[in-house]
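Data block below; observations after.
Read-outs throughout are calculated quantities, based only on the coordinates presented, and are distinct from any laboratory measurement. Predicted model, so just to flag it, every value in this text is computed and none were measured. Neighbour counts run over all protein chains shown; Cβ positions are idealised from the backbone, glycine included.
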Amino acid sequence: MKKQVGLIAQPWRKDKIDEFKHILKEASELGFTELWSGIDKDSVNEVKALAATANELGYYYFVDINPVVLRNLDASPTDLSIFKKIGVQGVRADYGFNLEQLAAMANNDLGLKVELNASVFPIDDLDDLLKMIKNTENLLASHDFYPWQHTGIALDDAIKKSKAFHDRGMPVAIFVSVKNGERTTVEHLRYLDIGVSANIIFNTRVIDRVLIGDPLPPLDDMKKVAEAKKHTKIRVKAYPGLTEEEAKVFNRDFHDVRVKETTVGLTAGGSNNITPRNIVRRVRGSVTVINKNPDYIQVWVFKDDAPPDQRFNVIGEVVEEDMEIVDRIAERTRGTFASLNREDLPPVVFELIN
């Protein structure tokens, strides 16, 4: 499934609507395509204003609903016409609906998508629900976010829950926060750089959409999330003496990635003349290149300590925070299966930093 990135808005902050619109335009230029917000009877006009801008820019805009929201908007699971009039493209069933009501919403004839709550929906009921849906392409899934510290779910739990939806053809969304922010799905990611978080999420293979959970995010953070859709970026501090040939490993797309027990190996085509240098002990985070291999550029990142080996030049180390990406990186085997073209796994790029 194609990767998507998105934002949230807060339509009840009426004095910020113009600022939200500006962010939408700025983010659209970076490749953002999704928008989420809440809605209530007092914010309908603001949601409508946001929807007008979102539609103009090609966003998929979905809003959170529950039985109280529907009642206050004179809507029901069998009558979602108010949302079509407002201009949104989807509704997210946060809580409070049974399978029959969810099926009624998903079977609407308005073209509206329905998002299941991936954090709490009972997986055992998922196949029963799907049997009740005329067009399962109307169903997507998105997780909750958790503003309070220590209340987010674990990454492994998010992956397990998401896989059930993803494997049944439903694109799954998750929220990530700016570093030390509030609106994140996964507790551990709350404390990481948002670019690292997005890279980790896209490498799960089962979470397809990343939304920045904090409203009005800084431009730099939006750029990091947008970049994660295109590349899995790993920052590296080079050691003194880096040669021109060794530097070829940076800013190059690696489509072939093999995950080993204590290392990650990456291979790209291209001639090089890397000669033996700095043959020293490797430690967790060491970035090494294979010498005397003129036809391929091979990089090995170490997840554990290892003794010196004459075949491996140690050229630098991964930034400590980015080791979270190395530990969670997914395999890519396009070097072996040349016909495979997966949109769900962006290539890996090493970025040289000071």
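Using a 7 Å offset from Cα along Cα-Cβ at Ala330, what residues in segment 93-134 end up with backbone N under 19 Å from the label point? So the set is 118-119.
Dividing the summed -39500 (n - 2.57) terms of all DSSP H runs of n ≥ 4 by the residue count of the chain sets its mean residue ellipticity at 222 nm at -7500 deg cm²/dmol.
In this structure, Gln101 and Asp167 have a Cβ-Cβ separation that, at R0 = 22 Å, corresponds to a calculated FRET efficiency of about 0.35. For segment 74-144, chymotrypsin sites (Phe, Trp or Tyr not before Pro) meeting the loop criterion (DSSP other than H, G, I, E, B) and having at most 16 other Cβ atoms within 10 Å: Tyr95. For the residue pairs Lys48/Lys229; Lys134/Lys224; Lys163/Lys229; Lys160/Lys229, alpha carbon separations beyond 27 Å are given by Lys48/Lys229; Lys134/Lys224.
Of all beta bridges that DSSP places with both ends in the chain, some 45 percent have antiparallel geometry. When the Gaussian network model of the chain links Cα atoms closer than 10 Å, the mean-square fluctuations of Gly169, Gly87, Gly195 top out at Gly169. Taking a ≥ b ≥ c as the square roots of the eigenvalues of the Cα gyration tensor of segment 30-69, is the shape rounded (a/c under 1.5), prolate (a/b larger than b/c) or oblate? Judged from the Cα gyration tensor, segment 30-69 comes out oblate (a/c at least 1.5, b/c at or above a/b).
Computed from the C-beta positions of Ala52 and Glu182, the FRET efficiency with R₀ = 30 Å rounds to 0.60. Taking 0.36 nm per residue of separation and subtracting the Cα-Cα distance, full extension of the segment from Ile123 to Asn45 would add 24.5 nm.
Between His22 and Ala154, the distance separating the two model label sites (each 7 Å from Cα on the Cα→Cβ line) works out to 4.3 nm.
Working ranking of peptides 149-157, 229-237 by packing, defined as the average number of other Cβ atoms within 10 Å per residue, highest first, is 229-237, 149-157.
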